[in-house]
Amino acid sequence: MYLDVDYKDNKVMIKDIKNFEPQHIFECGQCFRWDKEEDGSFTGIAYNKVVNVKKIGADVVFRNTAKEDFINIWTKYFDLGTDYSHIKDRISQNDKVMQQAVAFGRGIRILKQEPWETLISFIISSNNNIPRIKRSIELLAEGYGEYLGEFYGKKRYGFPSAEILSNLSIEELKACNTGYRASYIKNTASMVVEAPTALEELKGLEIEACQQKLLGYQGVGPKVAHCILFFCMEKMEAFPVDIWVKRVMEHLYFHKEIPPKVIQQFASEKFGEYAGFAQQYLFYYARESAIGKK
DNA sequence: CCCCAGGCAGTTA
DNA sequence: TAACTGCCTGGG
């Protein structure tokens, strides 16, 4: 993928970028630490760094970052080496439903997120809604994450380490609005502290083995495991079936109720190595247009 | 007031 | 292994 990148002082611009719409990327449900600013840009935190993204015409500007970090961190994080036109063509071949979903979320990119933060974030996501998930994670970061300075008039904090979370009491975790998931967070944090490299090493496993390991962390079931596989373990064939994807696929493909496992099997056969991308376009399309919502 | 939200763990049969 | 049930909590 050729990119026309221009590095300036603490600012990076990519000219005439394809398949990159901040709104789609940050509001398609994959991430919880990106927020819209009043000027329409988005500020996010990853790798204990604060970065701001704004689309200006056909160009995209990354602020608060310079060449070194951009090359070492953000190029991969924003998946800039992947050809999304190719992916979209493949999954929407002979599929009118997917053509619509892809047109709707045309600027989606799957962020390559950090395993530890993703693990905890998606444990928090279970039986929860997005504003509450974001609020919980924010409270954890404000209370126990590294202070990263002020940006856009707001104090910013990194995501707290496994060591720190494992040492919190259940009460302290519950004070971050995590509810009954507090014990899952504490247990999982302790497991990660016990075997610090185990989580990162899961990337090297095949998807089934990787999933089995993830299910070993408390609070991780089939759906959460697939989110983790897709968002930070580079298993792009993963296909999380949540309530929205279940609804939209029943509504648009099956026209009747179907068990999640059957939906997953169907998606795996239909979309193969790109199943996760298909899921993300469908999820965003379904949520934003409330498709299948009774 | 009830219902639901990007499910999971624990218990039964 | 499938079916059930309880669960923090805030908004509709």
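Being touching a helix residue (DSSP H, G or I) at 6+ places or on another chain (Cβ under 9 Å), among the aliphatic types (A, V, I, L, M), modelled with pLDDT of 95 or more and over 20 Å from A:Tyr152 (Cβ atoms) holds for only one residue in A:Val60, A:Val5, A:Val53, A:Val12, and it is A:Val5.
The residues of the stretch A:58-78 that are surrounded by fewer than 17 Cβ atoms within 10 Å (Cβ to Cβ) and in a loop (DSSP other than H, G, I, E, B), listed by number, are A:Ala58, A:Ala66.
Residues of the stretch A:245-261 that are part of a helix (DSSP H, G or I), within 16 Å of DNA strand B (Cβ to nearest atom) and open to solvent by 20 Å² or more (accessible area, probe 1.4 Å): A:Lys246, A:Arg247, A:Glu250, A:His251, A:Pro260, A:Lys261. Residues in the stretch A:128-167 that are hydrophobic (A, V, I, L, M, F, W, C) and either touching a strand residue (DSSP E or B) at 6+ places or on another chain (Cβ under 6 Å) or within 15 Å of DNA strand C (Cβ to nearest atom) (or both): A:Ile130, A:Ile133, A:Ile137, A:Leu139, A:Leu140, A:Ala141, A:Leu148, A:Phe151. Is at least one residue of the stretch A:99-121 within 12 Å of DNA strand B (Cβ to nearest atom), surrounded by fewer than 19 Cβ atoms within 10 Å (Cβ to Cβ) and closer than 28 Å to A:Lys203 by Cβ? No, the stretch A:99-121 has no match at all. Would you say A:Pro240 is within 16 Å of DNA strand B (Cβ to nearest atom) and either modelled with pLDDT of 95 or more or open to solvent by less than 10 Å² (accessible area, probe 1.4 Å) (or both)? So A:Pro240 fits the description; yes.
The values are calculated or read from the model by the stated rules, or taken from the named source; none is laboratory data. Bear in mind the structure is a predicted one, so any value in this text is a computation, not a measurement. All Cβ positions, even for glycine, are placed from backbone atoms using ideal geometry, and neighbour counts span all protein chains on display. The area values use the complete protein model at the heavy-atom level, side chains included, leaving out ligands, DNA and RNA. Shrake-Rupley method; radii C 1.70, N 1.55, O 1.52, S 1.80 Å.
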